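Working notes, structure below.
Nothing in this text is a laboratory measurement; each read-out follows from the coordinates by a stated rule. Because the structure is a prediction, the values reported are computed rather than measured. With ideal geometry, Cβ positions are generated from the backbone for all residues, glycine too; neighbour counts draw on all protein chains shown.
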Amino acid sequence: MFGRTDLPPLQPALPLVSAAPGRPHQVVELTGGRGMCRHLTDMGFVPGAVVTVMGGHGGALIVTVLDSRLMVSRGMARRIMVRPLT
Amino acid sequence: MSISEQDQPIVVALAGNPNSGKTTVFNSLTGARQHVGNYPGVTVERKEGHADFDGHELHVVDLPGTYSLTPYSLEELVARNFVIDERPDVVVDVVDASNLERNLYLATQFIELDIPVIIALNMIDMAEAQGLRIDAELLTQLFGVPIIPMVATTGFGKRELLEAMVEVTAERTKPRVTISFGSELEPHIASVTEKLDDIGLDDQMGISPRWLAIKLLEDDAEVVKDLRERIPEAEELLEGVARARRHIKEILGEDPEIAIGDRRYGFIAGACRRAVVTVKRPKVDITGLIDDIVTNRIVGIPIFLLLMWLMFEMVFTLGEPPMGWIEAGFEWLGAVAAAWLPPGELQSLIVDGIIGGVGGVLVFIPNILLLFLAIAFIEDTGYMARTAFVVDRLMHYIGLHGKSFIPMLIGFGCTVPAVMATRTIDDEKNRLTTMLVAPLMSCSARLPVYLLLAGAFFAPEIAGKVIFGIYLLGVLLAILVALVLRKSLFSGETTPFVMELPPYRLPTLHGLLVHTWERTWLYIKKAGTIILVASIIVWFALTHPAPPPELSAGDSPEQAPVHAAAYSYAGRISKTLEPLLRPLGFDWKIGTSLIAGFAAKEIVVATMGTVYSLDEADEQDQGLREALQSDPQFDPLVAVTLMVFVLIYVPCLAVIAVVRKETNSWKWPLFLIGYTCALAWIVSFIVYQGGRLLGF
């Protein structure tokens, strides 16, 4: 009875490394060690922040978050869970 | 302000994110009156300078760039420790106005620290060009600290910033705002603060107990460590903190450090919504466009190689004519000194030892200047950070990541700051690997050796290519050694990382000149100090003891200097080493130069200058290049082998010292000496013997 069919279904969270390039995503969760999570937070990857993958091919990714461009290693991008913004 | 306070200079700490223009602000404030750290390169050690303003003396300290007061890298630790331990009178947080929300994150932590702080809203012109209108007055109210709009490159706002520094110091103005962390977090912060108050820790440490409480809830390892060292009740207190952390995680569903960071961003976003208006969006994203090209998967690496190639071509071709003039100048000076001074020990010391040695090194100033100019350009435009991305995939094959590449690139300028720049690498194994291979990136001190030898034995159009080849060999060996180290001593996964890519900027002429001059001046200073001393020692070792008269009685004028040198200390040492040197095509003269070159690579050139100057039997002064050409021992293959050897073997004493300091043990510097000497010998042997077999 709460099934609001006019809204699109909630997209599942996926690691940033698998996010479609050029499309804005929202950070859902940070996984990984405590120091690393804090570092990611300090760098702007706080849950709710909007990130967009701008480039990357096999190696690290270039993403924009908080109005600046960051290079994120693939290992790090696996720990950032995001969801596409619709 | 009382008189006693005026006597003491005001200590100002410049803090800020990397790329916030902090160094430009520093240069603008202190002008020429700065004391550059020991070594050229990025700000890893603090840089200090002085400024006079309105009868006040200011002592300005430029701290390494940092994103947070909870350090993630060694470099950030340096910045934080200065602020916490040395208590500057005022902290100036330099903020990039065109990237406000990210940059203000650090500012919120200074406000939490409850110390006198000023925010310098740098690059306000850039922000306006991007269509941002910032209401600095409203922002000042919201943050409760003075916020001064400025443009460090033009000096706009500099006066206001200086006024604010003096005022804040005189009044000891602390932030007038307390950032609230919301109803879930505040009760916990309050209860930890209360416990800290009860202990009376703030009296002991002079640090805001609220800040300590926040850091404890963030599980800041440094603060926890400090607490354990200072107070006996630490364990009990930390247990309470751990309970609070668990409780926060239960109700918020996220770690307290993430929740705290989130509240800081929330505070900033709220303030920016009120004080910043976007008037118009820029039509084209220039940084994005450039990045699409230079980081492209296909052309990215070719573009990088092309830029490197252009750099070396420029250093060689543009540097050549002024180099010739300086060379002629020293030849003239040598001839004048030889004519004025009576023949004997003093004449030999001055003409052969000092002018031959130090002059031989100073000849290369134009090339060194051009090299540093090129590196400053790569750094100031923002391209240097991109190289980390461009090579990331390749670096993974050797078990490192792109971030390790930046210290290596700095290594082309000087290995000492390269070793220090490894502090930005947060993984210990990666850091050690990078530190141990960075010396293989050929530094500017080695360039004079190549220029001398390539210039003497190859036509100008080929010489540049030979030198580029030597640099390339260094890179290849670095890759090889890194691969071996990562497979043996430092095996394991690479740690993930995040790194900011600054927006592209057109460097200012002033900024480029300051960077270039700072580093070139250090080169000149080195020639006047360590190389001067080394030249005198080398001259002494080459001329003493003199052979007894009965030995040199029958010598012809050509034979005499050769016999004298062979009889000297240097000659005897080199004779002992001859079995090692001969398979590489080296004689005692080269051997002496290589031994002297342990101290610094320019000394190889300085020593050759002295050796060949002494060797000039006919007293007719000729340049070192011609002297080398007329030496039968030398031919192009020997020259190349010598370049290869100089590229690889022990970088210099300063590098050994800095590796010792950075690793805090003698193990790695000794390892570095051992492996570079062995590798130098093996590769030189292959080059020389292989070359001879091929008929060169």
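A few comments on the model shown:
- Other protein chain Cβ atoms within 10 Å, averaged over every residue that makes up B:70-78: 2
- Crossing angle, helix B:182-199 versus chain B [Cα axis fit, 0-90 degrees, rounded to tens]: 70
- Linear extension gain, B:V277 paired with B:K575, 0.36 nm per residue minus alpha-carbon span: 99.6 nm
- Residues B:S535, B:S98, arranged from fewest to most other Cβ atoms within 10 angstrom of their Cβ, appear as B:S98, B:S535.
- Compactness relative to 2.2 N^0.38 Å, alpha carbon Rg of the range B:3-171: 0.96
- Distance from the range B:432-469 to the range B:638-655 (C-alpha centre basis), Å: 9
- FRET efficiency, 1/(1 + (r/R0)^6) with R0 41 Å, evaluated for B:V299 and A:R34 via beta carbons: 0.50
- Contact order for the range B:565-618, expressed relative to its length and based on alpha carbon pairs under 8 Å spaced 6+ residues apart, stands at 24 percent.
- Nearest 10 degrees, 0 to 90: helix B:100-113 Cα axis against chain B principal axis: 70
- In this Cβ point-charge picture (+1 for Lys and Arg, -1 for Asp and Glu), chain A has a dipole of about 220 debye about its Cα centre.
- Take every Cα pair under 8 Å whose residues are at least 6 apart in sequence, average their separation, divide by the length of chain B, and the relative contact order is 11 percent.
- Global geometry of the range B:583-696, whether rounded, prolate or oblate, following the gyration tensor of its Cα atoms and the 1.5 cut on a/c: oblate
- For B:K465, a cut-off of 23 angstrom between C-alpha atoms picks up these lysines, skipping any fewer than 8 places away in its own chain: B:K601.
- Calculated [222 nm] ellipticity per residue, helices only, for chain B: -20000 deg cm²/dmol; basis is -39500 (n - 2.57) per DSSP H run with n ≥ 4, divided by all residues, nearest 500.
- Peptide ranges B:457-464, B:187-194 listed from the most packed, as the mean C-beta count within 10 angstrom indicates: B:187-194, B:457-464
- Packing, taken as the mean count of other beta carbons within 10 Å per residue, orders the peptides B:497-506, B:634-643 from highest to lowest as B:634-643, B:497-506.
- Neighbour counts of other Cβ atoms within 10 Å put A:C37, B:C677 in the fewest-to-most order B:C677, A:C37.
- When the charge dipole of the range B:3-171 is built from unit charges on Cβ atoms (+1 for Lys and Arg, -1 for Asp and Glu) and taken about the Cα centre, the candidate among B:F53, B:N19, B:G144 whose Cα reaches farthest toward its positive end is B:N19.
- Difference of contour (0.36 nm per residue) and Cα-Cα distance, B:L289 to B:K667: 131.4 nm
- Pairs beyond 28 Å (Cα-Cα), from B:K47/B:K195; B:K429/B:K661; B:K249/B:K403; B:K174/B:K661; B:K22/B:K525: B:K47/B:K195; B:K249/B:K403; B:K174/B:K661
- What you get for the protein assembly as shown, charging only the Cβ of Lys and Arg (+1) and of Asp and Glu (-1), is a dipole of about 2520 debye around the Cα centre.
- Dipole magnitude (debye, nearest 20) for the range B:3-171, charges at Cβ of Lys, Arg, Asp, Glu: 540
- Residue by residue along B:285-292, Cβ atoms of other protein chains within 10 Å of the local Cβ number 2 on average.
- Shielding by partners for peptide A:40-52, expressed as the average number of C-beta atoms from other protein chains within 10 Å of each residue's C-beta, is 6.
- Distance between the C-alpha centres of the range B:99-117 and the range B:579-609: 54 Å, rounded to the whole angstrom.
- The alpha carbon convex hull volume per residue for the protein assembly as shown rounds to 201 Å³.
- Evaluated at q = 0.05, 0.06, 0.09 Å⁻¹, the base-10 log of the normalised Debye intensity for chain B, with identical point scatterers placed on the Cα atoms, takes the values -0.30, -0.43, -0.87.
- Think of the protein assembly as shown as a dipole: +1 on every Lys or Arg Cβ, -1 on every Asp or Glu Cβ, centred on the Cα centre; then among B:M308, B:L349, B:G585, B:M308 lies furthest on the positive end.
- Segment B:I686..B:V533, full-extension length gain: 51.6 nm, with 0.36 nm per residue of separation and the alpha-carbon distance subtracted.
- Crossing angle, helix B:602-615 versus chain B [Cα axis fit, 0-90 degrees, rounded to tens]: 20
- Highest average packing first - B:414-423, B:20-29, B:212-221, B:51-60, Cβ atoms within 10 Å: B:414-423, B:20-29, B:212-221, B:51-60
- Charge-dipole axis of the range A:14-84 as Lys and Arg at +1 and Asp and Glu at -1 on Cβ define it, positive-most pick from A:P84, A:V51, A:M36: A:M36
- The share of alpha-carbon pairs in chain A lying farther apart than 18 Å comes to 40%.
- Translational D in µm²/s for the range B:260-330 (Stokes-Einstein at 4 °C, 1.567 mPa s, Kirkwood Rh from C-alpha pairs): 73
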